[in-house]
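Here is the structure we will look at, set down as structure tokens.
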Amino acid sequence: MRNTKDYIIDEAFKLFLRHSYEAVSISFISKAIGMTKGALYHHFKNKEELYRMVVDKYLQIPSCEIDVDNTSLYDFILLNMKQAEKSIKSMFGNSELYKPIDYISLYVDAARHYPDFAETKSKLIHKDIRKTQTVLEKAMNKGEIRNDIDPSTVASQFYSIKMGLAGNLIGNDSVDETIKTMNNQMLGFYKMLKNA
């Protein structure tokens, strides 16, 4: 039974990714995956519940788990780059079927149709920015980087580079080029912050 539920979630994800939330009905899903509506309702009480499970599984914003007290800014950046590369390759590396714009549309739909999605993701983003700010402050105190910067602003700028991955994916239309661009941006930014 669990395998059937996972199968439905995975197949519904493909449909929600290619079409808007409004365009995908239970009837549309049942026809696309060859199951009756009754079989779908056996696993999910409605389209909204299925949609939430799709979003919960596929629209994760990865957060870098680190020991902020004992991690240098340089190591923090390397960990973030590695995690971003892993996320991008898991989403786009093995499939030409899905375009970055599809994922962006799915995020927008989730913000509209999944109660608390936007607020929950916003909290995660702010937590990640605060973590980056802490790493920056420690790097300043240890002399790893200049001490004439505003850690709050720079933490937001680091996050903006990570969020720029979506635009880079659309502009580059290549996973490898996007990763290369992000790595160059992150390391270039670090170089600007580094003590002379």
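The values are calculated or read from the model by the stated rules, or taken from the named source; none is laboratory data. Since the structure is predicted, the reported quantities are computational estimates derived from the model, not experimental observations. Ideal geometry is used to build each Cβ from the backbone, glycine not excepted, and the neighbour counts take in all protein chains shown. Heavy atoms of the whole protein, side chains included, go into the accessibility calculation; ligands, DNA and RNA do not. Shrake-Rupley method; radii C 1.70, N 1.55, O 1.52, S 1.80 Å.
Here are a few things to note about the model shown:
- Filtered residues of the range 20-33 (kept if buried (at least 16 other Cβ atoms within 10 Å of the Cβ) and under 14 Å from residue 110 (Cβ atoms)): 21, 24
- Filter pass, residue 144 being at pLDDT below 90, in contact with a helix residue (DSSP H, G or I) (Cβ under 6 Å, 6 or more places away or on another chain) and open to solvent by less than 70 Å² (accessible area, probe 1.4 Å): no
- Top-ranked residue of the range 160-175 - restricted to ones that are closer than 24 Å to residue 126 by Cα, surrounded by 17 or more Cβ atoms within 10 Å (Cβ to Cβ) and of a type outside the set (Lys, Arg), ranked as modelled with the highest pLDDT: 161
- On the stretch given as the range 2-13, residues that are without any contact (Cβ under 8 Å) to a residue 24 or more places away in the chain and either among the hydrophobic types (A, V, I, L, M, F, W, C) or closer than 21 Å to residue 111 by Cβ (or both) total 0.
- Taking the criterion of being under 23 Å from residue 102 (Cβ atoms) and open to solvent by less than 50 Å² (accessible area, probe 1.4 Å), the residues of the range 36-61 that qualify are 40, 44, 47, 49, 50, 51, 54, 55, 59, 61.
- Among the candidates 104, 129, residue that is of a type outside the set (Asp, Glu) and either assigned to a loop (DSSP other than H, G, I, E, B) or more than 13 Å from the chain's Cα centre (by Cα) (or both): 129
- Hey, residue 178 open to solvent by 40 Å² or more (accessible area, probe 1.4 Å) and in contact with a Pro (Cβ under 9 Å, 6 or more places away or on another chain) or not: no
- Selection of the range 75-100 for residues being of a type in the set (A, V, I, L, M, F, W, C) and at pLDDT 80 or above yields 76, 77, 78, 79, 81, 84.
- Scanning the range 16-26 for residues that are part of a helix (DSSP H, G or I) and touching a helix residue (DSSP H, G or I) at 6+ places or on another chain (Cβ under 6 Å) turns up 16, 17, 26.
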